[in-house]
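The structure under discussion appears below in the form of structure tokens.
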Amino acid sequence: MSRTLLFACDLSAENRAAFARAIRLANETGARLDVVHVLDPYLPRRVLHDLEEAVVADIAATLTDLREDYALDEPASLIQTVAGAPYAEIIREAHEREADMIILGAHRKRGQPDLVAGTTLARVLRGAPCPVLSVSHPATQPWQDILVPVDFSLTCRRTLREALKRFPESRLTLLHAWNIPGERELGSSSDYARWRDSEVATLRRHLEQETEQLMVELEHVPEVELELEQGDPQEVLMARLRRQPPDLLALGSRGQLGRHSQITERLLAEPHCDVMLCRSW
């Protein structure tokens with residue numbers, strides 16, 4: 001079965017980076033690029049008909065412009081419009097097309113994580129049947145440096161598998177935050193220090209074994225490096241992004257955004273890089 005990338009186009013200037021990345025990914029993976037624009041269903045039928053033609057023409061012209069700007073080949077593509085609620089139509093189209101990935105532009109309300117939950121991007125994340133890519137940076141080159149926060153959760157395993165499978169030519173950095181009990185009270189004790197170092201070494205072996213098991217199943221795998229840092233997982237990740245932002249962050253998304261996904265809200269409101277979010281299924 002051929003692969004399909006679904007790009008939700010809103011015709012905004014901010015959407016151009018996501019459109020260019022969608023074209024680049026389609027070329028790199030050999031996937032068909034389906035471009036969908038959602039129209040207001042409450043417009044008069046005659047207006048919708050005329051608007052549909054204008055939107056399709058504008059998207060086609062933008063695709064040509066971006067290919068020329070970024071020196072990209074023309075992928076197999078399909079441009080369509082649908083009418084309805086944007087987030088619901090994007091999810092429905094992804095299901096019907098059996099999309100391999102949904103690509104969206106970045107959340108525009110930067111610096112305001114409390115406003116993320118009601119956006120189209122956030123709603124799509126809650127119901128998407130496939131990984132969702134939020135693009136905020138120009139697609140000047142293929143992603144070289146990909147950061148994947150890792151633990152032993154099902155969501156993490158799915159995310160790591162997706163990153164290993166999709167980007168065999170990239171370099172993956174696996175980041176795990178650890179925080180062993182007793183550090184504050186016993187950190188100065190030599191016996192505790194030896195025990196702590198032993199525990200961290202054991203943790204590293206477990207993570208390496210997990211990664212190796214996934215890599216054995218794949219035909220082509222990228223270069224992988226494992227980093228362990230002490231501290232709260234959210235703060236370790238944000239510090240790493242500020243210190244050394246990757247080209248892409250591959251992150252597992254648990255539960256419903258806006259209820260207990262504060263790290264996801266922060267990342268979408270303050271994008272240090274492009275973000276791919278994966279659910280556990």
**Study point:** Label-point gap, in nm, between D73 and A60 - each point 7 angstrom along Cα→Cβ
**Key:** 2.3
Review point. What accessible surface, in Å², does a 1.4 Å probe find on I90, ignoring ligands, DNA and RNA and rounding to the nearest 10?
Key: 10
Exercise for review: Place a +1 charge on the Cβ of each Lys and Arg in the range 124-250 and a -1 charge on the Cβ of each Asp and Glu, then give the dipole magnitude about the Cα centre in debye, rounded to the nearest 20.
Suggested key: 380
Review point. Share of the chain's accessible area from carbon and sulfur, percent, 1.4 Å?
Key: 48
Exercise for review: Please identify every one of the GluC sites (Glu not before Pro) in the range 140-211 that sits in a loop by DSSP and has no more than 14 other beta carbons within 10 Å of its own beta carbon.
Suggested key: E169
Practice item. Using just the helices of the chain, give the 222 nm mean residue ellipticity in deg cm²/dmol: DSSP H runs with n ≥ 4 each add -39,500 (n - 2.57), and the total is spread over all residues, rounded to 500. Key: -14000 deg cm²/dmol
Point to revise | Label corresponding to semi-axes √(5λ) of the Cα gyration tensor in Å when calculated from the structure given, among [x] 38, 22, 20; [y] 39, 20, 16; [z] 34, 25, 18 | key: [y]
Check your understanding: Helix 154-166 versus the longest principal axis of the chain: what angle, 0 to 90°, nearest 10, using Cα atoms?
Key -> 60
Review point. In nm, to one decimal, how far is the modelled label at E223 from the one at E98, with both set 7 Å along Cα→Cβ?
Key: 3.6
Practice item. Find the accessible area per residue for the range 77-223; the probe is 1.4 Å, ligands and nucleic acids are left out, and the unit is Å². Key: 51
Check your understanding: Hey, got the dipole for the range 23-148? About the Cα centre, +1 on K and R Cβ, -1 on D and E Cβ, debye to the nearest 20?
Key -> 560
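The values are calculated or read from the model by the stated rules, or taken from the named source; none is laboratory data. Please read these numbers as outputs of a predicted model, since none were measured by experiment. Cβ coordinates were reconstructed from backbone atoms using ideal geometry, including for glycine residues, and neighbour counts include every protein chain displayed. Each accessible area value is taken on the protein alone, full model and side chains, heavy atoms only, with ligands, DNA and RNA left out. Shrake-Rupley method; radii C 1.70, N 1.55, O 1.52, S 1.80 Å.
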